[in-house]
Amino acid sequence: MDRGWCAGYMCQERISTFFSVVATGMTYEMAMTSTPPQSILRGCCPTHLLPKPQRYDIYVDSVFVPPANLNISAAGYQLLPEDPTHPQAFLPTLDNVVGTNYFQRSAKLVHVVLRGGHVLDIKTTPVITLTSGLMVKEDEFYEQNLVMNLANLFEVSPDNIRVISVMREDSKRQQGRLEAEVASIPTTSLNGEGEKGATGGEVIPYEKLVQSLEKAINRFQDESCSNCASLSVSDPIEPPPKEAPPKATEEEGTVVIPDVEPFYKQQEKEVAEKIKESLAVTEYVEPSSILVLSGVPSSVVQYTVFEMQPSVTVLDKEGAPISDLGHKSDPWQVTASLSGAPPGAILIGTTTVPYRNSTATFTDLSVSKPGEGYNLSFTITFPSYAPVLTATLVETFSSTQMSAAMVLQQPSIVQAGQPIAITVQFVDEDSGLVLDGQAFKGQTFVGELLAKTAEGHFEVIQRYAK
């Protein structure tokens with residue numbers, strides 16, 4: 001089925017169905033050239049998937065079929081590794097029963113046997129793949145100890161940890177490298193949400209899996225993992241939404257609008273971005289210090305947003321900026337605080353911001369009182385158990401008195417006996433900018449509204465305190 005011609009909304013209405021007429025008793029290969037589907041019905045044999053494999057569970061007539069290399073003597077979902085000397089050891093043959101399957105990790109191929117009269121599903125299960133550098137003692141190289149350590153780090157059952165490989169890299173420094181997966185145990189049936197795992201262990205929803213990843217990254221970066229030297233993580237692929245995504249309208253999909261990107265072009269970009277994200281591996285390191293990248297002007301105006309806003313970065317033990325603190329869905333946060341201020345002075349604006357893309361950048365800070373010797377400090381305040389890291393501005397700054405003016409906005413024509421709407425705004429006389437309402441927080445305004453009579457005198461119409 002060639003959809004390359006399609007640029008309209010009708011593409012979105014179709015199911016991607018590929019009919020193939022093949023000879024029995026033969027082996028065929030099907031390759032995916034874009035984001036792999038989350039579920040393949042009546043899949044072919046073998047199936048070649050993207051460079052970043054998740055886990056592919058096979059169901060025949062909606063019943064789970066364990067892979068040929070499942071380690072039945074181990075708890076949870078543990079697979080026997082490939083044997084380089086016998087690469088064909090676990091490959092199914094045409095004589096095997098329907099659904100016999102094996103994921104050949106090195107070739108990124110899923111091998112599965114099909115037979116007529118059965119419906120076969122290949123279901124993608126989200127997996128956290130990680131590589132961890134370890135500084136461990138001799139007895140900790142045993143797999144069961146490593147699995148327990150990872151289970152504690154991710155706060156999941158050890159049965160949900162699958163060790164792919166453990167490799168010694170430097171015996172003198174007792175350093176090694178661990179490759180592992182964290183995932184839900186397959187359900188016994190295709191749509192078995194809430195069931196117990198088919199091989200023992202916990203069935204983990206995608207949302208809980210991401211929460212476990214967030215906790216593990218936080219615990220690693222706050223140095224709770226005493227024998228972890230590094231942590232590289234590839235996020236699980238998000239399952240498809242239960243409700244179908246919005247479709248293009250006929251106007252979006254088939255009508256060419258000048259200077260507006262066609263809908264199918266937007267989709268192409270979205271798919272490309274998803275592929276890029278799915279292949280990304282994020283390396284997390286432990287934070288060591290905070291560096292101020294930009295400060296504030298030497299002189300600011302009371303209640304006026306600083307013309308230059310501060311930003312900070314966090315450095316690792318080697319002095320290099322850290323790109324990620326915490327998972328992208330739950331980043332660490334940095335808080336700015338005021339010091340050297342006169343009594344009652346406060347820092348106004350968004351004082352706590354997330355750390356993203358190597359920086360924590362503030363956008364709307366100002367101070368409430370004039371004074372000399374102001375300074376700002378920056379501290380990681382989330383998560384609460386993060387290491388105590390603080391940095392301050394190298395130079396202090398001063399704040400001058402705000403000069404405010406009142407501007408009235410009123411209708412040019414009014415009718416007798418009708419209400420009149422009048423808007424009052426306060427502006428900075430120096431810059432002409434409208435002042436933020438926070439500038440007057442906690443203050444009471446007392447005033448009078450006067451009107452000019454026909455005789456030219458002003459009379460008080462209303463007094464107010466607000």
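Bear in mind that the values in this text are calculations on the coordinates, not laboratory data. The shown structure was predicted, so the numbers you read here are calculated from the model rather than taken from an experiment. Cβ placement follows ideal geometry from the backbone for every residue including glycine, while neighbour counts extend to all protein chains displayed.
Taking amide H atoms as placed 1.01 Å from N in the peptide plane, the amide H of Thr390 lies under 5 Å from those of Ile290, each 5 or more residues away in sequence or on another chain. Over all pairs of different C-alpha atoms in the stretch 291-392, the reciprocal of the mean inverse distance, the Kirkwood hydrodynamic radius, equals 14.2 Å. Applying a DSSP loop filter and a limit of 14 other Cβ atoms within 10 Å to the chymotrypsin sites (Phe, Trp or Tyr not before Pro) in the stretch 316-411 leaves Tyr385. Close amide H contacts of Ile164 (hydrogens built in the peptide plane, cut-off under 5 Å, sequence separation of 5 or more or a different chain): Glu179, Ala180, Glu181. Model label sites at Lys208 and Gln462, defined 7 Å from Cα along the beta-carbon direction, differ in position by 5.9 nm.
What does the convex hull of the Cα atoms come to per residue for the stretch 334-454, in Å³? Before the final figure, lay out each step's value.
Values: hull volume 24.3 nm³, N = 121.
Taking only Cα atoms, the stretch 334-454 has a hull volume of 201 Å³ per residue.
So which of Lys108/Lys196; Lys215/Lys274; Lys215/Lys328; Lys108/Lys276; Lys242/Lys328 end up more than 20 Å apart by C-alpha? Show your work: numbers first, answer last.
Details: Lys108/Lys196 28 Å; Lys215/Lys274 24 Å; Lys215/Lys328 12 Å; Lys108/Lys276 18 Å; Lys242/Lys328 23 Å.
The pairs that break the limit, which is 20 Å between Cα atoms, are Lys108/Lys196; Lys215/Lys274; Lys242/Lys328.
Full extension of the chain segment joining Ser358 with Ala416 gains 14.7 nm, where the gain is 0.36 nm per residue of separation less the Cα-Cα distance. Between the amide H of Ile185 and those of Glu202, Val203, Ile204, distances stay under 5 Å, these residues lying 5 or more places away or on another chain, with hydrogens modeled in the peptide plane. What FRET efficiency, computed as 1/(1 + (r/R0)^6) with R0 = 35 Å and r the Cβ-Cβ distance, is obtained for Ile275 and Ser20, rounded to the nearest 0.05? Plugging the Cβ-Cβ distance into 1/(1 + (r/R0)^6) gives 0.90. For the stretch 267-336, the spread of Cα coordinates along the three principal axes comes to 48, 36, 18 Å, biggest extent given first.
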